[in-house]
Each structure stands twice: as structure tokens, then as C-alpha cells.
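Single-structure report; data block below.
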Amino acid sequence: TSWSYTGMASICYMTGEIKNPGKTMPRALIGSCLLVLVLYTLLALVISGLMPFDKLANSETPISDALTWIPALGSTAGIFVAITAMIVILGSLSSCVMYQPRLEYAMAKDNLFFKCFGHVHPKYNTPDVSIILQGALGIFFIFVSDLTSLLGYFTLVMCFKNTLTFGSIIWCRKRDDYKPLWRTPAFGLMTTLAIASSLILVASTFVWAPIPGLICAVIVIATGLPAYAFWAKRSRQLNALS
């Protein structure tokens, strides 16, 4: 699913904690994109080469089924895939705990979210309130929904968010006070391609994702825009008073 490709841009959330981000971030983004592209392409080639296409098309667990065709693995393929999946999930969780709370923290610092989310732990220098909230929400969603619905929910929200983020680049480029450390070559073409790709992913999400998850995602997106307008107005008022 498109969820598999949504984590690379999360590198940007850590910009405030990286030395020389003007050089480091472009390298990290380009390198991660190339690495994921190569790994996913190799995985698809290996699976399609190990397993007959008709069996692969009807398989609900293509990776583990394909590995059973390797004589050295055989019946232990399922165990191997399960262990690998656990390692990948733990890595994904670690990255989520690392980058996502930085978003709420930055919003709170810009007066665009509740002030408590800007709190930093006095000993560990981490946004502790944001981390606790993220963990609580994660536990809640695990118990009230299934994995497929969660993937549809988060994928749709992230694709819409990416579309708006990419579109904001065009608006930012027209501002006189916008002076980024990195300027993308042919940004007009690149931005248009990025927006088009995100919209394609949005459309594809409606094909496979369960309806309840999509409805929740649409509600979140629809309520997020007026919520941002409220916080932005409040931020301007606070800045005017200060």
C-alpha cells in the first residue's frame, strides 16, 4: 500500500535537531528515497521470480508464501517472515516516537496548538507531553480498530496532508521573506509532479481501504482546516500583544 512510502518525508520533522540541515536534509531525503526504491524493487523482483504469477496474485501473504519455495527455508518461512516483520515494526515505532511528537511541539511553540505540548522534559530534553499523547492514541486505536482500517485512515490523511504541503511551496516561493537553505531545481515541475502523485495515491486509497476508515479520515481533514484557522488567528493575536 501507499503507507509503505509515507515515512521518508518524516525526516524533515527532525530538522531542528540536526547540524547543518541545509546540506544534511537534502542528502538524507534523496538517499532514503533511492534506498527504499531499490529495496522495494528488489523485493518485488525476488518474489515474482520465486513464485508462479497465478499463485502470487491470489496470495494474501505473498512474502511468506514466496519464501516457502526456497528449499533452505521451507516450512520455517513463516517464522522467518514473522521475526523480520517484528523487527521492521519496532523500527517503525521507534521512528514514529522520534519524529511525530516534534510536530506537536513545533506547533505549540508557534502558538498553533495547546501550550502544554511545547513542554520539554527537564532531564531528557524531549517533548514528553507529545510523546505521551501519541502513545495513548496509538494504544486506543489498536483496541478500537483493525489494521486494514488504520492503514486506510492514516494513508488518506497523510496523502491529503502531503498534497497541501506540496502546494504550500508554490505559495511560499512568492513571499519576499521566504529564504530557504535549499531550493529545489525546477521546483514548479517537481511540485506539480508531487501533487499529482499524492492525488493518485488518494484515489487509490479509496479503492482498497475500508469505508469506515475513509469516513473518519475525511472527518479529520474537514475539521482540521477550521481548527487551523482558529489557532492561526489566535497566534496572530498573541503575537500582536507581545
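Numbers below:
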{"item": "Hits in the range 200-213 (condition: at pLDDT 70 or above and in contact with a Leu (Cβ under 8 Å, 6 or more places away or on another chain))", "result": "202, 205, 206"}
{"item": "Pairs, first closer than 19 Å to residue 106 by Cα in the range 122-147, second at pLDDT 80 or above and acidic (Asp, Glu), C-beta under 9 Å, six or more apart", "result": "127/104; 129/104; 130/104; 133/104; 134/104"}
{"item": "Residue match in the range 63-82 (condition: under 17 Å from the mean Cα position of the chain (by Cα) and exposed (fewer than 12 other Cβ atoms within 10 Å of the Cβ))", "result": "no"}
{"item": "Criterion: out of contact with any Pro (no Cβ under 7 Å at 6 or more places or on another chain), surrounded by 11 or more Cβ atoms within 10 Å (Cβ to Cβ) and outside any helix (DSSP H, G or I) - qualifying residue of 192, 184", "result": "184"}
{"item": "Of the criteria (1) at pLDDT below 80; (2) under 23 Å from the mean Cα position of the chain (by Cα); (3) under 26 Å from residue 15 (Cβ atoms); (4) exposed (fewer than 12 other Cβ atoms within 10 Å of the Cβ), which one residue 154 fails", "result": "(4)"}
{"item": "From the options 11, 30, 87, residue that is in contact (Cβ under 8 Å) with a residue 60 or more places away in the chain, within 30 Å of residue 125 (Cβ to Cβ) and part of a helix (DSSP H, G or I)", "result": "11"}
{"item": "Residue in the range 157-177 that is modelled with the lowest pLDDT, counting only those that are under 19 Å from residue 10 (Cα atoms) and β-branched (Val, Ile, Thr)", "result": "157"}
{"item": "Residue identified as of a type in the set (Lys, Arg), under 30 Å from residue 137 (Cα atoms) and surrounded by fewer than 11 Cβ atoms within 10 Å (Cβ to Cβ) among 174, 179, 161, 233", "result": "233"}
{"item": "Selection count where residues are surrounded by fewer than 16 Cβ atoms within 10 Å (Cβ to Cβ) and under 19 Å from the mean Cα position of the chain (by Cα), scope the range 198-218", "result": "7"}
{"item": "Restricting the range 107-161 to residues that are in contact with a Leu (Cβ under 7 Å, 6 or more places away or on another chain) and assigned to a helix (DSSP H, G or I), the residue that is farthest from residue 225 (Cα to Cα)", "result": "141"}
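The values are calculated or read from the model by the stated rules, or taken from the named source; none is laboratory data. All figures in this text were calculated on a predicted structure; none of them were measured in a lab. Note that we place each Cβ from the backbone using ideal geometry, even for glycine, and neighbour counts take in every protein chain shown.
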